[in-house]
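Have a look at the structure below before the remarks.
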Amino acid sequence: MASIVFYDIAHKPPVSESCCSPNPWKTRLALNFKGVQYSTSWVGMPDISKVRQGLGQPASRKFANGSDFYTLPVIQDTATNVTVGDSFDIAVYLQRTYPDSGGGDLFPAQTLDYTFVSSYEIPIPLSKRDDGGFPEYARFNTNIDAAFSAHVQLMVEGIPLDPATIDQTKAEFVRRAGVSSWDDFILTREAREKLMESFQSTLGDLAKLFLQNSDGPFLLGQKASYADFIVGAWLRMAQVTLPKQEWEEVRCWHGSVFGQLHDALDVYAGIK
Ligand SMILES: N[C@@H](CCC(=O)N[C@@H](CS)C(=O)NCC(=O)O)C(=O)O
């Protein structure tokens, strides 16, 4: 019996092909890196609030109007009786509770000098949280979330929603965004090209950080850290949700740093 239960979002079956939510992906990569025993509990989109509240976790995020946004991941560690409901807090918890497990240090000291300056609005405000004693990583996490969230409209259309609850989920996305129908999320070809250009230039600034260390694929060269998982989690979402040709473009931009990072993280990407 696994000691950790990891709650992730179930999209269209089979989950092994559709699993694409970036914050749960950060947790999966961290759990696999740590090599701790766990099992995944899959939660359908309409059930997230109920499941999260059932686990005694308050909302870790707010919508723009100030109302609660119930999210995953959550982990429940049955060995310690601790439940944690935010991806960054989970990584800090794993590091502090299982410091030497698996690949070792999730947060090796490094400078993560990347700031995203937004020209696009972020659809849902990002979580506000403590830095857990790792301020460099916490700031990097916030900036990466902002950089990818500003371009998330490229990916929304391609989320493989579960056919069993697709109407309900689409209606909820429409309600949150305050738009009138799902079609409002669909970008015209021109708007898509413009947003892809912005995505490319945003990732160009990030690529500089990866290229500082030429024996890549990771920020520290051969050793993966939680900073690689933060970026890699968003790349998993891009891989699943972007049209194939656009994903190939992303992989190849900036000397293929992101394609190489994505592939190098396969060793930590097993779905359990
Ligand atoms: N601060 C949270 C944010 C988690 C979050 O935003 N999760 C998204 C998936 S990536 C979610 O649960 N969305 C549910 C929904 O859209 O209803 C964390 O980092 O864990």
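The values are calculated or read from the model by the stated rules, or taken from the named source; none is laboratory data. Owing to the predicted nature of the structure, the values given are computational and were not obtained by experimental measurement. We place every Cβ from the backbone using ideal geometry, glycine too, and count neighbours over all the protein chains shown.
The table below gives the values:
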| quantity | calculated |
| --- | --- |
| Filter result for residue 171 (within 13 Å of the ligand (Cβ to nearest atom), over 20 Å from the mean Cα position of the chain (by Cα) and farther than 22 Å from residue 30 by Cβ) | yes |
| Answer from 9, 75, 124, 90 - the residue that is touching a residue at least 40 places away in the same chain (Cβ under 8 Å), within 16 Å of the chain's Cα centre (by Cα) and surrounded by fewer than 16 Cβ atoms within 10 Å (Cβ to Cβ) | 124 |
| When residues of region 216-237 are limited to those that are over 19 Å from residue 254 (Cβ atoms) and out of contact with any Phe, Trp or Tyr (no Cβ under 8 Å at 6 or more places or on another chain), the one surrounded by the most Cβ atoms within 10 Å (Cβ to Cβ) | 223 |
| Residue in region 147-168 that is farthest from residue 43 (Cα to Cα), counting only those that are within 13 Å of the ligand (Cβ to nearest atom) and not hydroxyl-bearing (Ser, Thr, Tyr) | 148 |
| Qualifying helices (runs of 4 or more DSSP H) (wholly inside region 1-113; at least 2 residues being away from the ligand (no atom under 15 Å from the Cβ) and modelled with pLDDT of 95 or more) | 22-34, 87-97 |
| Hits in region 138-157 (condition: buried (at least 17 other Cβ atoms within 10 Å of the Cβ) and in contact with a helix residue (DSSP H, G or I) (Cβ under 6 Å, 6 or more places away or on another chain)) | 140, 141, 144, 147, 148, 151, 154, 155 |
| Sole exception among (1) surrounded by fewer than 16 Cβ atoms within 10 Å (Cβ to Cβ); (2) over 19 Å from the mean Cα position of the chain (by Cα) for residue 115, by number | (2) |
